[in-house]
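Heads up: the structure comes next, in C-alpha cells.
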Amino acid sequence: MDYPEEVITVNKKGKKEVRVLIDKGKYVRYGYIDIETGKKQSKTALILNNEHYFIIPLKDGKSLFVKKEGKSSIKIWDKDNKKVYPT
C-alpha cells in the first residue's frame, strides 16, 4: 500500500515505518506498521495534553511510558478515513 511521505518515519535500525492512528479523543494514540512486511509493530505512542509519550511493552505484560523531550509536530495516517491527521 502507498502511504503519504509525511507519515513515514525511519526507526533506529534504519527500517521505514508508517505512523497509523489507533484511536483519538482528548488524546491521540498511534502505532507503527512496517512498510516492507505490512505487519503491525508492538510499539505505540500517546499524545496527551500536548505531551508526547512512547509506550514500551514489557515482558511481564505491563507497559513503560517514556516522555519524549522537545516539541515536534508529526503527522499520522488515519487508515479508516484514508487521510493524514496532524497533531
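No lab work stands behind these numbers, since they all come straight from the coordinates. Worth saying up front: this structure is predicted, and the values here are computed from it rather than measured. Positions of Cβ are generated from backbone atoms using ideal geometry, with glycine treated the same way; all protein chains shown enter the neighbour counts.
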Checklist entry - Mind listing the phi-derived Karplus ³J(HN,Hα) values for region 48-61, rounded to whole Hz, using 6.51, -1.76 and 1.60 with θ = phi - 60°, and x for any glycine or proline? => result 9, 6, 6, 10, 10, 10, 9, 9, 10, x, 9, 5, 7, x
Item to check | Stretchable slack from N50 to S72, in nm (0.36 nm times residue separation minus alpha-carbon distance) | outcome: 6.9 nm
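Write out the trypsin sites (Lys or Arg not before Pro) in region 40-87 meeting two conditions: DSSP loop, and at most 15 other Cβ atoms within 10 Å of their Cβ. Please report the intermediate quantities before stating the final value.
On the way: sites: K40, K43, K59, K62, K67, K68, K71, K75, K79, K82, K83; in loops: K59, K62, K68, K71, K79, K82.
Sites meeting the loop and neighbour criteria: K59, K62, K68, K71, K79, K82.
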Checklist entry - Going by how many other Cβ atoms sit within 10 Å of their own, how do V84, V7 line up, fewest first? => result V84, V7
Item to check | Restraint check, K15/K68; K40/K79; K24/K79; K16/K39, Cα-Cα greater than 18 Å | outcome: K15/K68
Checklist entry - Can you pull out the GluC sites (Glu not before Pro) in region 3-87 that DSSP calls coil and that have at most 12 other Cβ atoms within 10 Å? => result E36, E69
Item to check | D_trans [Stokes-Einstein, Kirkwood Rh over alpha-carbon pairs] for the chain, 4 °C, 1.567 mPa s, µm² s⁻¹ | outcome: 96 µm²/s
